[in-house]
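Enquirer: Have a look at the structure that comes next, please.
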Amino acid sequence: MMALLFAIMSFASVGAYHEDEEVQHEFADSRFENRWARTDMPVLDGKVSRTWIWGPSPFTEGRMEPYLQSPGGERLVQYFDKSRMELNNPESDDTSIWTVTQGLLALDMLLGQVQVGDASFVNHSEGASMKNVAGDPGPNNGPTYATMAGLMGADARAEGAYIVDWLAADGTITTDNELANYDVTAYYNVQVDWIDHTVASPFWAFMNSEGMVWDGDYSEDKLFQDPFYAVGYPVTEAYWTNVKVAGVDNDVLVQCFERRCLTYTPGNPEGWMVEAGNVGQHYYRWLETHVGSVVPVELLAEGLVHPRHALYTGDGVYVAEAGDGGDVCVMIEDEYDGEIEEFEVCVGLSGGITLIDDDGATRVVEGLPSLWGGEDGVGAHDVAFDDEGNMYVVMGFGGPPEARDLFEDFGEYFATVVRIEEDGTPTIIADLGEYEATENPDGDMLDTNPYAIDFDGESLVVIDAGGNTLLRVDPDDGSIELIAVFPQGEALAPPFIGLPDGATIPMDSVPTDVVVGPDGNYYVGELTGFPFPVGGANVYQVTPDGEISVYEDGFTNIGAIAFDSQDRLVVLEMVAGGLLGIDFEAVEEGDLSTAAGQVVRVEADGSRTILEVPGLIFGTGLALGQVDEMYLVHLSITPMAQVVQFY
């Protein structure tokens, strides 16, 4: 009993405070009370000295919160210090441990989103939480949820490796081999969907621990019937850091999971070395600060491999995945600022086409060639069908056509249009790279990067973003015809390149999408080249015989375009603040706001409506469904790439 009192007094920041400390909240449902009692009744009764799993009592009263899949669109929840209990379906089987669920509270606070359905999320108005994941509240006291968000993409440690990484409050990571003296290792690797992280040894032991439980009587059993029930899957690696607890500095190991962030403090008494942070308290307070309406965005697929464009058909939504290269690597030399630099480019068969339908997301085409240069994938960029149901895929590249020769058996597929045969294999029908090499329609340096494709009823129309061209491809004989070259523009030179104030520099068009419009003309959206000016992108109208005119202007870094059922133009801006406006340091710390995309609809009277899609980041694909629901591909250059549906 004395050890229990010592622990509660010594680790005040991890102990409970309540919504109203004068009020003792009742359990909102007997199933909540039973779930709490199993692990925490023995602690409350002084039968054992160990960390709370939930907390000494409910932190709030029961409350109804929106949830699309629950009866009436809402569910009963109740917050505890260390989590939230949820009753998604009051009629569900009481014998299952999943009758009472916990939200992905930690993951929500890392990503700055609020879950309102099985796959539906709302962007929190303040983004990722700035609360400390552990220790006393206040600035510069260990990592925040936003800090941990910046570590989600880190490579998984090998099982058995000592954990010797030190995490500063600002997110800086250094190596300190003395930390190996704690004898803490990366123990159990988890690979599920986009997640690939390794659980630290003390946390894995905690997740599988046994002890006294209450099931109508006291007995010895596993604390968690499923090791991932309480915490979820790991979304970061584990790091050593320093936090103040009750004003005293402590070295702690911290690792965030979907549902909670766990800490390991070697100096704590037995039973209290591993603790869960007060994620329930943190989330409740964070939720109170949200400003804005709850607009459902349904997650349809995640973990896609560098997806690009999307196409809606009667079968569902097809998404082109560029892939992340492979195991065949070559060293490339490039000149930058007068110096020759070398970098590695790897190719393989990691690209493909994914179909999203009522059954979920399925790769329907596998093994398309992919190229990876360390930051982004190149390969399958878009997909189209002819009137006989044949599938065509446009394969990108991004460089002079002759550079394809560096990649042996894979190179011939880049900068082409391929037809997907019945057995799923690609057949080259048109070599757009060769066309650029021999014709060079824009007269500039040789550069080819086919990026978008559509079918006009007779021919395939293809965008080459590198060549700044719109091409017509005959699907029968593969012949290529130039339709249009998009003009070069001018933009103000950014200050950092050192030109005089007001100086302008030439800027390529870099077209990124083409659609056949309701009037039979072709409509082309452009990214623009460097310096990617805000408001500098056009949507062009191109007649079938090649006459170009500006249809709408004033957009920023267009990723994709479409027309809705009322013939209104809908434009996806990849980064609404411009590519040069991305704050990469903030992104690394989990603040993605400077990379936010935007959807703009041009109304019949010419006015524009911004369609506020919560959480849209770096969007590359847009497709409209039968009732103008939007299918958006975003987070496209991250390991967390998603396809979401927005109504």
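Enquirer: How much area per residue is accessible in the chain when the probe is 1.4 Å and only protein heavy atoms are counted (Å²)?
Expert: Dividing the accessible area of the chain by its residue count gives 42 Å².
Enquirer: What accessible area, in Å² to the nearest ten, does a 1.4 Å probe give for His197?
Expert: Roughly 0 Å² of His197 is accessible to a 1.4 Å probe.
Enquirer: Rolling a 1.4 angstrom probe over the protein chains, ignoring ligands and nucleic acids, what is the accessible area of Thr95 in square angstrom, nearest 10?
Expert: Number for this one is 120 Å².
Enquirer: Based on the Kirkwood radius over alpha-carbon pairs, what value in µm²/s does the Stokes-Einstein equation return for the translational diffusion coefficient of region 294-380 at 25 °C and 0.890 mPa s?
Expert: Approximately 169 µm²/s, per Stokes-Einstein.
Enquirer: Calculate for the chain the 222 nm mean residue ellipticity that helices alone would give, adding -39,500 (n - 2.57) per DSSP H run of length 4 or more and normalising by residue count, nearest 500 deg cm²/dmol. Intermediate values should be presented prior to the final figure.
Expert: On the way: 9 runs with 70 residues, N = 647.
Computed ellipticity for the chain at 222 nm equals -3000 deg cm²/dmol.
Enquirer: I would also like to ask the following. As I understand it, the dipole of region 298-365 uses +1 on the Cβ of Lys and Arg and -1 on the Cβ of Asp and Glu, about the Cα centre. Which of Leu311, Cys346, Met331 lies farthest toward its positive end?
Expert: Leu311
Enquirer: Give me the percent relative contact order of region 263-402, please, defined on Cα pairs under 8 angstrom at least 6 residues apart.
Expert: That works out to 19 percent.
Enquirer: Let me ask you something else. Return a whole-number percent for the relative contact order of the chain, with Cα pairs under 8 Å and 6 or more residues apart as the contact set.
Expert: Numbers: 1697 pairs, mean separation 62.0, N = 647.
Computed over the chain, the figure is 10 percent.
Enquirer: Using a 1.4 angstrom probe on heavy atoms only, work out the carbon and sulfur share of the accessible area of region 371-466 in %.
Expert: Accessible surface attributable to carbon and sulfur in region 371-466 totals 42 percent.
Enquirer: Here's something else I'd like to know. Quick check for me: using +1 on Lys/Arg Cβ and -1 on Asp/Glu Cβ, what's the dipole size of the chain about its Cα centre, in debye to the nearest 20?
Expert: Using Cβ point charges on Lys, Arg, Asp and Glu, the chain gives about 3000 debye.
Enquirer: Apply the Debye scattering formula to region 134-272, with a single equal point scatterer on each alpha-carbon and no solvent, then give log10 I(q)/I(0) at q = 0.22 Å⁻¹.
Expert: Taking Cα atoms of region 134-272 as identical point scatterers yields -1.46.
Enquirer: Hey, another quick one. For region 557-647, with the dipole built from +1 on Lys and Arg beta-carbon atoms and -1 on Asp and Glu ones, taken about the Cα centre, which of Gly578, Asn557, Ile617 lies farthest toward the positive end?
Expert: Asn557
Enquirer: Using only Cα atoms, what Kirkwood radius does region 388-497 have, in angstroms? The partial results should precede the final answer.
Expert: Working: mean 1/r = 0.0683 Å⁻¹.
One over the average 1/r among Cα pairs gives 14.6 Å for region 388-497.
Enquirer: At q = 0.18, 0.28 Å⁻¹, what base-10 log of I(q)/I(0) does the Debye formula yield for region 437-502 when every alpha carbon is treated as an equal point scatterer in vacuo?
Expert: These q points yield log10 I(q)/I(0) values of -0.72, -1.21.
Enquirer: A follow-up question, please. How are the Cα pair distances of the chain distributed, in percent, across 10 Å bins from 0?
Expert: 3, 15, 24, 22, 17, 12, 6, 2, 0
Enquirer: Taking a 1.4 Å probe, which of Met152, Met130 shows the most accessible area, and what order do the others take after it?
Expert: Ranked from most to least accessible, the order is Met130, Met152.
Enquirer: Which whole-Hz couplings ³J(HN,Hα) result when phi for each residue of region 394-406 is put into the Karplus expression 6.51 cos²θ - 1.76 cosθ + 1.60, θ = phi - 60°, listed in order with x for Gly and Pro?
Expert: 9, 9, x, 8, x, x, x, x, 5, 5, 5, 5, 5
Enquirer: Would you work out which of Gly424, Gly117, Ala320 lies farthest towards the positive end of the dipole of the chain, given +1 charges on the beta-carbon of Lys and Arg and -1 on that of Asp and Glu, about the Cα centre?
Expert: Farthest towards the positive pole: Gly117.
Enquirer: Roughly how many debye, to the nearest 20, is the charge dipole of region 380-442 about its Cα centre, given +1 on each Lys and Arg Cβ, -1 on each Asp and Glu Cβ, and no other charges? Could the numbers behind the result be given before it?
Expert: On the way: 2 positive and 17 negative charges, 38 e Å.
In total the dipole reaches around 180 debye.
Enquirer: Which value, in debye to the nearest 20, describes the size of the charge dipole of region 54-182 about its Cα centre when Lys and Arg Cβ atoms bear +1, Asp and Glu Cβ atoms bear -1, and nothing else is charged?
Expert: Rounded to the nearest 20 debye, it is 180 debye.
Enquirer: Let me ask you something else. Taking the radius of gyration and the Kirkwood hydrodynamic radius from Cα positions alone, what is the Rg/Rh ratio for region 531-611, to two decimal places?
Expert: 1.06
Enquirer: I'd like to compare 394-405, 205-216: which one has the highest average count of other Cβ atoms within 10 Å, and what's the full order after that? Each step should come with its number before you reach the end.
Expert: Details: 394-405: 21.8, 205-216: 15.6.
Top of the packing list down: 394-405, 205-216.
Enquirer: Can you send over the solvent-accessible area of Arg568, 1.4 Å probe, protein chains only, in Å² to the nearest 10?
Expert: Solvent-accessible area, nearest 10 Å²: 40 Å².
Enquirer: Which sequence of Val627, Val515, Val328, Val575 reflects their accessible areas, 1.4 Å probe, from the largest down?
Expert: If we order Val627, Val515, Val328, Val575 from most to least accessible, we get Val627, Val328, Val515, Val575.
Enquirer: Sticking with this one: Stokes-Einstein at 25 °C, 0.890 mPa s, Kirkwood radius from Cα pairs: D for region 491-581 in µm² s⁻¹?
Expert: 177
Enquirer: Ratio of Rg to Rh for region 29-162, alpha carbon only, Kirkwood?
Expert: 1.01
Enquirer: Applying a 10 Å radius around every beta-carbon, put 309-320, 339-350 in order of their mean neighbour count, most first.
Expert: 309-320, 339-350
The values are calculated or read from the model by the stated rules, or taken from the named source; none is laboratory data. Fair warning: this is a prediction, and the values are worked out from it, not measured in the lab. In this analysis, Cβ positions are derived from the backbone assuming ideal geometry, glycine residues included, and neighbour counts consider all displayed protein chains. Quick note on the areas: whole protein, heavy atoms, side chains included, nothing else; ligands and nucleic acids left out. Shrake-Rupley method; radii C 1.70, N 1.55, O 1.52, S 1.80 Å.
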